[in-house]
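Below you'll find the structure, written out as structure tokens, and then a few comments.
Each value in this text was obtained by applying a stated rule to the coordinates, not by laboratory testing. It should be emphasised that the depicted structure is a prediction, and the values quoted were computed from it without experimental measurement. In this analysis, Cβ positions are derived from the backbone assuming ideal geometry, glycine residues included, and neighbour counts consider all displayed protein chains.
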């Protein structure tokens, strides 16, 4: 069994806007990077068992009580983002909001849960509705709960 170190994840490629955003977020404990284009972001680290390493992504988030919400939109592309594929195989994740880092469990919202939660997320990032029109896949909304 491969041990995947969630504390030392692989970030997006150097020189990309995603890598630069993550770097600022980590370096400043979220003081620079928590808000991106007017929306709050968290850092989600998943286990990529195919590659044998952890991956970290910055994602826009919302809240539903104590739960965090993120959307696996990939900008409306036809395939789910890698981070969603990873947590579908292994729901144990690591989350960082500002300096607070904690283990969590992630799952896709059920069909019954999604409409109410989708409204929360489109209230934060209205383009999620636009992204859904770009693809035939049902864009997953993910619920993250601290463990």
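Can you work out the FRET efficiency for the pair residue 31 and residue 90, with r the C-beta to C-beta distance and R0 = 30 Å, to the nearest 0.05?
Values: r = 30 Å, r/R0 = 1.01.
After rounding to 0.05, the efficiency reads 0.50.
Give me the tail of P(r) for region 86-147 as a percent: Cα-Cα pairs with distance above 13 Å.
Details: 1296 of 1891 pairs.
Value for region 86-147: 69 percent of Cα pairs lie more than 13 Å apart.
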Inset, instruction - For the chain, set up a Gaussian network in which alpha carbons nearer than 10 Å are linked by springs, and say which option among 107, 55, 63 fluctuates the most. - result: 63
Legend entry - Solvent-free Debye scattering, log10 I(q)/I(0), computed from the Cα coordinates of the chain at q = 0.11, 0.16, 0.22 Å⁻¹: -0.39, -0.86, -1.64
Inset, instruction - Based on the mean of other Cβ atoms within 10 Å per residue, sort peptides 129-137, 37-45 so the most packed one is first. - result: 37-45, 129-137
Inset, instruction - Give the distance, in whole Å, between the Cα centre of region 72-142 and the Cα centre of region 1-57. - result: 16
Inset, instruction - Once you have the Kirkwood Rh of region 16-93 from its Cα pairs, apply Stokes-Einstein at 25 °C and 0.890 mPa s and quote D in µm²/s. - result: 183
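Add -39500 (n - 2.57) for each DSSP H run of 4 or more in the chain, then divide by its residues: what number comes out at 222 nm, to the nearest 500 deg cm²/dmol?
So the calculated ellipticity at 222 nm is -7500 deg cm²/dmol.
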